Amino acid sequence: ELLIDFCELLGEHSGENMADVVWETLVRFGIQDRIMAFVMDNATNNDTLVKGIVNRAAVVGISLNATWIRLRCLPHTIHLAAIKLLEGLGVISDLEAKKARSRSGNYQESATIVVGSEADKLAAAADDNDSEDPVELNPSMSDNILSGVDKVL
C-alpha cells in the first residue's frame, strides 16, 4: 500500500469531480492502465466516481467494468450491519441508529470518542502494567449491551 496523492477537492464532492481528480493523479503517475479495484464506502457519489473512471479509461482504450472494480469497504459494511443488529435488538434507539448511519461526518466518529494525547499515555501505561483487571463499562451502556446479549442467547 502506498498513498500517492492527497489533494483538496474544490467544489462539490460529486462523483464526477472526484473522478477528475483521481484520473489526473492516475495519469500523472502513469498508472491509469493498472487499476485493479477501488475500495470505498457505500456512498452513491463513489459509484459515480467509478463510472467516471471507467468512461475516462475507455476514451484511451482501457477496458474496465464498473461493477467488477467497485469494492465495498468491509469495515464500513460491518459497521452498518452492527448498527442494524443493535437496533433490532433494541440496544440502541432508532434515533441513535439513524445518527450512527448518518452521512454527516465520518461514520467512525459515531462509534468512537475523540481523545487527546493524554489518553494515549494512559493507554500505554495500562498496556505496560499488563493488568488483568476487567474493563469497566458505563453502567447505562452495559445495561443496554447485556440486554442485547440476553436477546441473542
* **Ordering of 4-15, 50-61, 23-34 by burial proxy (mean other Cβ atoms within 10 Å per residue, highest first)** => 50-61, 23-34, 4-15
* Taking the Cα centre of the range 16-84 as origin, sum charge times position over the Cβ atoms of Lys and Arg (+1) and Asp and Glu (-1), and report the length of that vector in debye to the nearest 20. => 200
* **Carbon + sulfur, % of accessible area of the range 1-99 - ligands and nucleic acids excluded, 1.4 Å** => 60
* **12 Å beta-carbon shell around Asp5, net charge (K/R +1, D/E -1)** => -1
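The values are calculated or read from the model by the stated rules, or taken from the named source; none is laboratory data. Every value quoted in this text rests on a predicted model; they were computed, and no experiment measured them. We place every Cβ from the backbone using ideal geometry, glycine too, and count neighbours over all the protein chains shown. Ligands, DNA and RNA are stripped out before the accessible areas are found, and what is left, the full protein with its side chains, is counted by its heavy atoms. Shrake-Rupley method; radii C 1.70, N 1.55, O 1.52, S 1.80 Å.
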